[in-house]
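The values are calculated or read from the model by the stated rules, or taken from the named source; none is laboratory data. Only a predicted model underlies this, so the values are computations on that prediction, with no experimental measurement involved. Cβ atoms come from the backbone with ideal geometry, glycine included; neighbour counts cover every protein chain shown. Only protein heavy atoms, including side chains, enter the accessible area calculation; ligands, DNA and RNA are left aside. Shrake-Rupley method; radii C 1.70, N 1.55, O 1.52, S 1.80 Å.
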Amino acid sequence: MYDKSQAESQTPGSEDSFLLENSTQLDDNVLTRIKLMIKPRTIAVVSAGFLTLFIAFAIRYSYGLVLPYMLPSLAISKTEAGVIFSAYFVTASILSPVMGILADRFSARIILATFVAILGIGACLMSTASSVVQASIFFALIGVGHSACWAPIVSVVMRWVSPERRGIAV
């Protein structure tokens, strides 16, 4: 940008050098903006991570929505329904740190693909549960799948997104 005070302080023959310095600064700004541009593949990775977490947490939090319909269909009490949810929460809580360690040592793609499939299988099986024990096992299976969602997705996003954009992406 043209600064009048700088132009006045310069000698008449140095006007070209002033413009050259500012064009170099402009080129540096353009290069910085190009570096900060988001690549389509990065958008795809972040979007896939978002959708995976959205589905995992939707399954987790939808339990309260299906509970009023589940109580009479399984003929269970609210205490037994709490046991079912506890099976999920205990497995997810215990296995989450383990999955974080596995995500550091092995490919996050393999871990995510495997455990998201386990999450989906558990959700499908949950619809067929006919007893408290079955529902607890199937919801615990969902907890196993959910435990591998957060840490691997965050590590993948951190690898794909530039340091300047990580706060937005995560």
Residue satisfying condition, being more than 17 Å from Gly49 (Cβ to Cβ), part of a helix (DSSP H, G or I), open to solvent by less than 70 Å² (accessible area, probe 1.4 Å) and at pLDDT 90 or above, within set Ile76, Ile84: Ile84
Within region 114-135, is there a residue that is surrounded by fewer than 19 Cβ atoms within 10 Å (Cβ to Cβ), closer than 14 Å to Ile153 by Cα and either without any contact (Cβ under 8 Å) to a residue 12 or more places away in the chain or touching a strand residue (DSSP E or B) at 6+ places or on another chain (Cβ under 6 Å) (or both)? no
So is Ile142 in a helix (DSSP H, G or I), touching a residue at least 40 places away in the same chain (Cβ under 8 Å) and open to solvent by less than 30 Å² (accessible area, probe 1.4 Å) or not? yes
Checking Phe106 against (1) touching a Gly at 6+ places or on another chain (Cβ under 6 Å); (2) free of Cβ contacts under 8 Å to residues at least 24 places away in the same chain, only one condition comes out false. Which one? (1)
Got a number for residues in region 145-155 being of a type outside the set (Ser, Thr, Tyr) and surrounded by fewer than 20 Cβ atoms within 10 Å (Cβ to Cβ)? 2
Among residues of region 96-130, those that are part of a loop (DSSP other than H, G, I, E, B) and over 17 Å from Phe85 (Cα atoms), counted: 2
